[in-house]
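*Asks:* There's a structure below that I have some questions on.
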Amino acid sequence: MDASYRGSPLALTVLALLHHKPLHPYGMQRLIKQWGKDQVVNVGQRTGLYRAIDRLHAAGLIAVRETGRDQQYPERTVYEVTDAGRRVAKQWLCDMLAVPKQEFPQFPAALSHLLMLTPQEALDALGRRADALAATLEGYEAALEREADLPRITMLETEYLRTVTAAEAAWLRTVLDDLREGRLPWSLEVLAAVAGDRSS
């Protein structure tokens, strides 16, 4: 295996699915959605999945089990996890669980440039985000209620997403309140003056 090949959420998910049983890429994509893993792994573009499969295959972590042809479908390659893939998947999983990774999501990046907007523009944009978060939170709550009979271990990622989303929504409400009440004001003139003072 190429030592420089580092795990990714999608690569780990492919290996985890192949722990379950040999699959072709379409079957992987279907199971990712069926099991709700598309909440935590980006499979919106099938090309990303195929790229991950190609890299795992080149690294010797998965192997071709068989190539079959069905009259209704094009040729399909079925993959299985190798012994090396099983070992590496567990190592990746333990590392991802144990070691917080510095990630760069777009929302904090956007917040760092909020001064480009007026307070009212910020209020409008963040208000739309609050509405979207409320809808997302409802979806997580519904999923947890719908799957309440499943073992809790199978729903931990949804619990986590609900908790993180609820925390963001609560924080965002305080920011929106401060904007509405004028407790979080700014103006381009004041900011320009502050920037001038800091650069001198």
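*Asks:* For the stretch 127-137, indicate whether the set of residues that are under 19 Å from Gln34 (Cα atoms) and open to solvent by 50 Å² or more (accessible area, probe 1.4 Å) is non-empty.
*Replies:* Yes; the residues of the stretch 127-137 include at least one that is under 19 Å from Gln34 (Cα atoms) and open to solvent by 50 Å² or more (accessible area, probe 1.4 Å).
*Asks:* So if I check each of Thr165, Thr174, which one is of a type outside the set (Lys, Arg), closer than 26 Å to Ala11 by Cβ and assigned to a helix (DSSP H, G or I)?
*Replies:* Unique residue meeting the criteria: Thr165.
*Asks:* Kindly indicate whether Thr47 is part of a strand (DSSP E or B), farther than 30 Å from Pro151 by Cα and of a type in the set (S, T, N, Q).
*Replies:* No; evaluated as a whole, the condition is false for this residue.
*Asks:* When both residues are 6+ apart or on different chains and their Cβ atoms are under 8 Å apart, which pairs have a first residue that lies in the stretch 144-157 and is open to solvent by 100 Å² or more (accessible area, probe 1.4 Å), and a second that is in a helix (DSSP H, G or I)?
*Replies:* Arg152/Glu159
*Asks:* Still on this structure, I have one more. Does the stretch 76-87 contain any residue that is aliphatic (A, V, I, L, M), within 19 Å of the chain's Cα centre (by Cα), within 26 Å of Leu10 (Cα to Cα) and surrounded by 14 or more Cβ atoms within 10 Å (Cβ to Cβ)?
*Replies:* The answer is no, given that none of the residues of the stretch 76-87 is aliphatic (A, V, I, L, M), within 19 Å of the chain's Cα centre (by Cα), within 26 Å of Leu10 (Cα to Cα) and surrounded by 14 or more Cβ atoms within 10 Å (Cβ to Cβ).
*Asks:* Looking at Arg55, is it assigned to a helix (DSSP H, G or I) and of a type outside the set (Gly, Ala, Ser)?
*Replies:* So Arg55 fits the description; yes.
*Asks:* Now for a different question. Is it the case, given these coordinates, that Ala109 is surrounded by fewer than 10 Cβ atoms within 10 Å (Cβ to Cβ), hydrophobic (A, V, I, L, M, F, W, C) and closer than 30 Å to Gly182 by Cβ?
*Replies:* yes
Conditions (1) modelled with pLDDT of 95 or more; (2) within 29 Å of Tyr140 (Cα to Cα); (3) buried (at least 16 other Cβ atoms within 10 Å of the Cβ), marked per residue:
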{"position": "Asp38", "(1), (2), (3)": "no, yes, no"}
{"position": "Arg46", "(1), (2), (3)": "no, yes, no"}
{"position": "Leu61", "(1), (2), (3)": "yes, no, yes"}
{"position": "Leu93", "(1), (2), (3)": "yes, yes, no"}
{"position": "Pro100", "(1), (2), (3)": "no, yes, no"}
{"position": "Pro105", "(1), (2), (3)": "no, yes, no"}
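*Asks:* Counting only residues that are in a helix (DSSP H, G or I), over 24 Å from Tyr160 (Cα atoms) and either of a type in the set (Ser, Thr, Tyr) or open to solvent by 50 Å² or more (accessible area, probe 1.4 Å) (or both), how many does the stretch 7-36 have?
*Replies:* 1
The values are calculated or read from the model by the stated rules, or taken from the named source; none is laboratory data. This structure is a prediction, so every number in the text was calculated from the model and none was measured. Cβ coordinates were reconstructed from backbone atoms using ideal geometry, including for glycine residues, and neighbour counts include every protein chain displayed. The protein model used for the area step is the full one, side chains on, heavy atoms only, and it has no ligands, DNA or RNA in it. Shrake-Rupley method; radii C 1.70, N 1.55, O 1.52, S 1.80 Å.
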